[in-house]
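Asks: What follows is a single structure, and I will ask about it in a moment.
The values are calculated or read from the model by the stated rules, or taken from the named source; none is laboratory data. Just so it is clear, the model here is predicted, and its values are computed rather than measured. Because the Cβ atoms are built from the backbone with ideal geometry, glycine has one as well, and the counts that use them run over all protein chains shown. The accessibility values were calculated without ligands, DNA or RNA, using every heavy atom of the protein model including side chains. Shrake-Rupley method; radii C 1.70, N 1.55, O 1.52, S 1.80 Å.
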Amino acid sequence: MKLEVAQREVSRFGALYIVEARFKNMFKWRSAIITAAILNPVLYLLSVGVGIGSLVDAKQGVGGVDGVQYLTFLAPALLASAAIQGAIDEVTFPTLQGFKWAKNFFAMNSTPITGNQIALGVYIAALCRTFLTVVVYWFILLIAGALPTGTAWLAMFVAMLAGGAFASIMLFLTSKVEKEDFFLTAIGRLIIMPLFLFSGTFYPLSSMPLILQPIGWISPLWHATELGRYFTYGHSISGLMIGVHFIFLTSLLALGLKLAFRNFTKRLSK
Amino acid sequence: MTSLIFARSLTKTYGDFVAVDQINFEVRKGESFGLLGPNGAGKSTIMRMIGATLQRSSGELAVLGKDPEKFGPQIRAHLGVVPQQDNLDSELTVRENLYIYGRYFGLSKKFLTPKIQELLEFAQLEEKRDVKVEALSGGMKRRLTIARALVSEPEILMLDEPTTGLDPQARHILWDRLFRLKEMGVTLLLTTHFMDEAEQLCQRLIVMDKGKIMAEDSPVELIRKYVTKEVLELRFGSDKNSQYVDQLRQKCDRIEQLPDRILLYTNDGETLLTEIVGSGLHPITSLVRRSSLEDVFLRLTGRSLIE
């Protein structure tokens, strides 16, 4: 009798049990996670923000890039890329682990837990970890004086949205992987790195040749960066574009999750 | 007795390949039921269909009275699954593995705390409770996987090749644990390609080959039905075995020539051996043993279980 009741609870809260298990796993890596969360922004701010920033500001005069200091211009882009990187790591490795290395997704699926719940659980846990990264990053940016306006806190949610959109697609793609070595290298070098470089991260997208600009348009990072700049220093964009950026990111997130749900279920029952 | 698993014309195909070919069987409550057959016989495929993680291609299947295709999670809530390959969470400790698995069944911490203690004792892993799984031996991992499958007090415990890859000592420890479960009245469903495992643990079994059932009965009955009481194994040296086969054939009911030895089926091995030696034949080695399920399989398929 007791188990009948439990089964109904699993059908409702199954994804949260997966989150709980993921947290237990992450807890083993807590010092690495916290160190990375602090060190990553500090290193970026010192090298690119301050190093390159002083060069840019000296050349252009203060307010030379989009009307603000270079560090202020750069901050929302760095925040969003940190969110994306963190979210990707946290969905890719558990998914490879679950389907290929330890095959523990198959163990989860031999309980009342379904494929959808496993996918959703891994995803939610990844976003929780990403949120920690984003909050730490945001406070370091604040201390560095890179967040001048009162609406700057909204940049955290924009960054989360970018991380969420990227992570849902990666959750789907990783669930299709059979040969992991090639996949991880390919994703890192052919997708993430180019998007990082060509999404208007270090300079406005408009200063690139028109032929390269579409890379930015399809990149969640560019959409998040535009929104982030709007919130952190009032970068001027139209209401229409604000809508476009939000819709692009949320649709990508929803599409990725839908595909991931379908493929998790399919692969577990192969 | 009620049947917990009921299969009628159960079939699974992958394209043109028929992995499970129209098989019928029933498993009753409290029974320990085995699927014996070589690798590739379709045993694991059957287990996964029963475990509601693989859809059948055709035929009928009811597990705990329900169709696994429609009631996957509801059925899985009452199964304990021990897969062929351990899929523990290697970065978590022994205790944590039991805990999170129990959570997947929606069990509360209050229920799980004493349950985990009980299972650690059962699996003889109390001293390893806070050790990471990656540091355990193969036998310990296997025991943990079985303990994990028991955390939800399942109606059926399903074990896919439970002792494959273990050394003899670890196997015996495991058999002892499984035997206890059997005594406690847990319904066991297990696959194996070890005939001694099937003989020790199964009350009833089906012998499978290439997706089909070759025979079904208790181990004792299978041996009685298909082979003689004893087997005389003779070795004349690899090149010479074949030249004696015809001569020996006249002396017994049935004879099997394997690459390294000749098997003579008889109800009295010693007498047959005396007679053979008396007729002037001198095998290098000779052995009289009781017939086993291995011989049943050889009789039914003309092949060995382990190739």
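Asks: Where does the protein assembly as shown land at 222 nm, in deg cm²/dmol rounded to the nearest 500, when only DSSP H runs of n ≥ 4 count, each adding -39500 (n - 2.57), divided by all residues?
Replies: Computed ellipticity for the protein assembly as shown at 222 nm equals -17000 deg cm²/dmol.
Asks: Tell me the angle of helix A:220-233 to the major Cα principal axis of chain A, expressed in degrees between 0 and 90 and rounded to the nearest ten.
Replies: Once rounded, one gets 50 degrees.
Asks: Distance check, please: which entries in A:103/B:70; B:12/B:210; A:100/B:66; B:29/B:225; A:179/B:141; A:266/B:115 exceed 22 angstrom between their Cα atoms?
Replies: A:103/B:70; A:100/B:66; B:29/B:225; A:179/B:141; A:266/B:115
Asks: Okay, moving on. Taking a 1.4 Å probe, which of A:31, B:286 shows the most accessible area, and what order do the others take after it?
Replies: A:31, B:286
Asks: Send over the per residue convex hull volume for the protein assembly as shown, Cα only, as a whole number of Å³.
Replies: Each residue corresponds to 201 Å³ of Cα convex hull volume.
Asks: With a cut-off of 8 Å between alpha carbons and a minimum separation of six or more residues, what is the relative contact order of chain B in percent?
Replies: 20
Asks: Right, something else. Working out 0.36 nm times the residue gap between residue A:190 and residue A:103, then minus their Cα-Cα distance, what length gain in nm do you get to one decimal?
Replies: Length difference between fully extended and current span is 28.6 nm.
Asks: Go through segment A:96-109 residue by residue and turn each phi into a ³J(HN,Hα) via Karplus (6.51, -1.76, 1.60, θ = phi - 60°); whole Hz please, and just put x for glycine and proline.
Replies: 5, 4, x, 8, 10, 6, 9, 6, 6, 5, 5, 5, 4, 6
Asks: With an 8 Å cut-off on Cα pairs and a minimum separation of 6 or more residues, tell me the relative contact order of chain A in percent.
Replies: The normalised contact order for chain A reaches 26 percent.
Asks: Sticking with this one: Under the definition of partner shielding as Cβ atoms of other protein chains within 10 Å of a residue Cβ, what is the mean value for peptide B:146-155?
Replies: 2
Asks: Rounded to the nearest angstrom and ordered from largest down, what semi-axes does the equivalent ellipsoid of segment A:1-73 get from its C-alpha gyration tensor (root of 5λ)?
Replies: Equivalent-ellipsoid dimensions as semi-axes: 50, 16, 5 Å.
Asks: Express in nm, to one decimal, how much length is gained between residue B:249 and residue B:66 on full extension, taking 0.36 nm for each residue of separation and deducting their alpha carbon distance.
Replies: Length gained, residue B:249 through residue B:66: 60.7 nm.
Asks: Name the most mobile residue of A:63, A:239, A:164, meaning the one with the largest mean-square fluctuation, in a Gaussian network model of chain A with Cα contacts below 10 Å.
Replies: Result: A:239 has the largest fluctuation of those listed.
Asks: From the phi of every residue in segment B:126-139, what ³J(HN,Hα) in whole Hz does the Karplus formula 6.51 cos²θ - 1.76 cosθ + 1.60 yield, where θ is phi - 60° and glycine or proline is x?
Replies: Whole-Hz 3J(HN,Hα) from phi for segment B:126-139: 4, 6, 9, 3, 9, 8, 5, 4, 4, 8, 8, 6, x, x.
Asks: Who wins for biggest fluctuation among B:118, B:126, B:275 in a Gaussian network model of chain B, springs between alpha carbons below 10 Å?
Replies: Largest GNM mean-square fluctuation: B:275.
Asks: Report the per residue volume, in Å³, of the convex hull enclosing the C-alpha atoms of chain B. If you can, show how the numbers build up before the last one.
Replies: Numbers: hull volume 48.3 nm³, N = 307.
Each residue corresponds to 157 Å³ of Cα convex hull volume.
Asks: Right, here's the next one. Which whole-number percent is the relative contact order of segment B:1-146 (Cα, under 8 Å, 6+ apart)?
Replies: Averaging sequence separation for qualifying contacts and normalising by length gives 20 percent for segment B:1-146.
Asks: Another question about this same structure. For the protein assembly as shown, give the share of DSSP beta bridges that are antiparallel, in percent and rounded to the nearest 5; count only bridges with both residues there. Could the numbers behind the result be given before it?
Replies: Details: 36 of 54 bridges.
If we restrict to bridges inside the protein assembly as shown, about 65 percent are antiparallel.
Asks: Calculate, in whole percent, how much of the Cα-Cα pair population of segment A:2-268 lies beyond 24 Å.
Replies: When all Cα pairs of segment A:2-268 are counted, 50 percent exceed 24 Å.
Asks: Given springs between every Cα pair under 10 Å in a Gaussian network model of chain A, which of A:95, A:149, A:133 has the largest fluctuation?
Replies: Looking only at A:95, A:149, A:133, the largest GNM fluctuation is found for A:149.
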